[in-house]
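Take a look at the structure below.
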Amino acid sequence: MDLQALKKQIVCEELGITGEFGNTIAFVDFANVNNWFREDRQMSDGTPLKDNEKLVVNLEKLRDFLCLFCSDIRFYYGHDPGNPGSMAFLYATRAIFGKNRSFSKPIQWVRHHIADEELETNTRSLFQDGDGQYVRLPKSNFDVEIAVDATKMIDKYDTLCLLSSDADFAYLNTYLRTRGKKVILIKGGHITHQLKKSVDLRINAQNIK
């Protein structure tokens with residue numbers, strides 16, 4: 001057994017991914033994945049983070065992990081055309097996952113007006129309009145795109161592996177299971193009861209950290 005095969009065996013046994021899941025395709029809702037470790041204050045080995053440090057998801061390691069049990073990976077993420085860093089990230093995702101496997105659309109910016117008690121903890125740039133001070137929050141939801149693609153491709157997989165904690169996916173998961181498919185959910189933080197019931201296997205992001 002070579003090293004890659006051994007790694008696959010160990011990871012799948014640890015996470016409960018058995019042969020019954022068959023051909024698996026991953027759908028990555030990265031706006032959700034990117035927040036998995038936002039509140040974490042230590043590394044996976046227990047080393048404390050400094051006050052100005054935070055954990056980020058390494059895209060290449062995410063791809064390598066998913067390739068251990070998935071035959072295909074589809075990556076969904078919004079970009080900001082006016083931000084050079086955001087565009088560079090978009091190009092990086094295409095280089096890592098493939099141009100035809102990385103799906104994006106421009107971010108929409110939503111105004112969120114700040115209450116006085118929020119000002120002390122706010123770290124975003126403040127703007128002003130007739131209703132007071134506000135911050136701009138990015139919004140780029142791929143629920144519809146993922147649901148449509150998963151349905152169009154239903155004959156190409158036995159199991160959908162969804163990387164998200166979005167409760168809206170419970171409807172998609174339930175539908176797929178009525179069609180004889182299995183669903184693996186890799187999630188961060190708490191999820192709704194409906195989302196829990198809609199999948200065959202739940203994997204906590206902390207277990208793959």
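The values are calculated or read from the model by the stated rules, or taken from the named source; none is laboratory data. Remember, it's a predicted structure, so these values are computed and weren't measured experimentally. Here the Cβ is made from the backbone with ideal geometry for all residues, glycine too, and neighbour counts use every protein chain on show. In case anyone asks, the SASA skips ligands and DNA or RNA and just uses the protein heavy atoms, side chains included. Shrake-Rupley method; radii C 1.70, N 1.55, O 1.52, S 1.80 Å.
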Taking the criterion of being assigned to a helix (DSSP H, G or I), farther than 30 Å from I10 by Cα, open to solvent by less than 30 Å² (accessible area, probe 1.4 Å) and of a type outside the set (S, T, Y), would at least one residue in region 116-125 satisfy it? no
Selection from region 5-27 of residues closer than 13 Å to C67 by Cα and without any contact (Cβ under 8 Å) to a residue 24 or more places away in the chain yields A5, Q9
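Just for region 150-204: of the residues that are among the acidic types (D, E) and modelled with pLDDT of 95 or more, which one is nearest to I73 (Cα to Cα)?
D158
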Within region 127-182, strands (runs of 3 or more DSSP E) holding 3 or more residues that are open to solvent by 60 Å² or more (accessible area, probe 1.4 Å): 132-139
Given (1) farther than 30 Å from Y175 by Cβ; (2) not in a strand (DSSP E or B), index of the condition R111 fails: (2)
Of all residues making up region 18-38, the number that are within 30 Å of L90 (Cα to Cα) and either surrounded by fewer than 11 Cβ atoms within 10 Å (Cβ to Cβ) or not polar (S, T, N, Q) (or both): 11
Would you check which residues across region 185-198 are surrounded by 13 or more Cβ atoms within 10 Å (Cβ to Cβ) and closer than 23 Å to R38 by Cβ and list them? L185, I186, K187, G188, G189, I191, T192, L195, K196
Filter region 77-93 for residues that are over 30 Å from I10 (Cα atoms), out of contact with any helix residue (DSSP H, G or I) (no Cβ under 6 Å at 6 or more places or on another chain) and not in a loop (DSSP other than H, G, I, E, B) and give the result. P84, G85, S86, M87, A88, F89, L90, Y91
Region 72-97 - residue that is without any contact (Cβ under 8 Å) to a residue 24 or more places away in the chain and aromatic (F, W, Y) and, of those, least open to solvent (accessible area, probe 1.4 Å): F89
